[in-house]
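Written below as structure tokens is the structure these notes are about.
The values are calculated or read from the model by the stated rules, or taken from the named source; none is laboratory data. Keep in mind it's a predicted model, so treat the numbers as computed, not measured. Don't worry about glycine lacking a Cβ; one is built from the backbone with ideal geometry, like all the others, and counts go over all protein chains shown.
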DNA sequence: AAGTAAGAAATTT
DNA sequence: AAATTTCTTACTT
């Protein structure tokens, strides 16, 4: 379980509490599934902080370890991605989260 | 004080 | 009813 180690590192990085929580939750999203920013925000204890969630994911220190590409908008839109939304779509397709 | 990877509501078509 | 636009929310720097 790298989750515990991940948490330690995040804490060590001096990231904000909210950011740590968001990243942890994002890392727990199962493969092939997508979550909304709202969903993550709710799990973070700040249901109305949907934007802050995106903000936190943007500063994601481990873009490979944390599947932030599985977090999309609530209305079905892809949202944004640090490396470009195009890549995000590709990643989702690889995960099988996109029907087609 | 300003910016953002969003959401929901309001307005228009 | 569906699509688009606008305003508001909460967090980080």
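Being closer than 20 Å to residue A:30 by Cα and free of Cβ contacts under 8 Å to residues at least 12 places away in the same chain is the filter here; which residues of the stretch A:43-65 pass it?
Across the stretch A:43-65, the qualifying residue is only A:64.
Only one of these conditions is not met by residue A:33: (1) in contact with a strand residue (DSSP E or B) (Cβ under 9 Å, 6 or more places away or on another chain); (2) farther than 20 Å from residue A:4 by Cβ. Which number is it?
Of the numbered conditions (1) in contact with a strand residue (DSSP E or B) (Cβ under 9 Å, 6 or more places away or on another chain); (2) farther than 20 Å from residue A:4 by Cβ, the odd one out for residue A:33 is (1).
Given the conditions (1) under 20 Å from residue A:8 (Cα atoms); (2) touching a residue at least 40 places away in the same chain (Cβ under 8 Å); (3) surrounded by fewer than 17 Cβ atoms within 10 Å (Cβ to Cβ), which single one is not true for residue A:68?
(3)
Could you tell me which residue of the stretch A:2-46 is modelled with the lowest pLDDT, considering only residues that are within 10 Å of DNA strand C (Cβ to nearest atom) and not in a helix (DSSP H, G or I)?
A:14
Out of A:97, A:91, I need the residue that is touching a residue at least 12 places away in the same chain (Cβ under 8 Å), more than 15 Å from DNA strand C (Cβ to nearest atom) and assigned to a loop (DSSP other than H, G, I, E, B). Which one?
A:97
Any chance you could count how many residues in the stretch A:58-88 are assigned to a helix (DSSP H, G or I) and either modelled with pLDDT under 90 or farther than 19 Å from residue A:39 by Cα (or both)?
3
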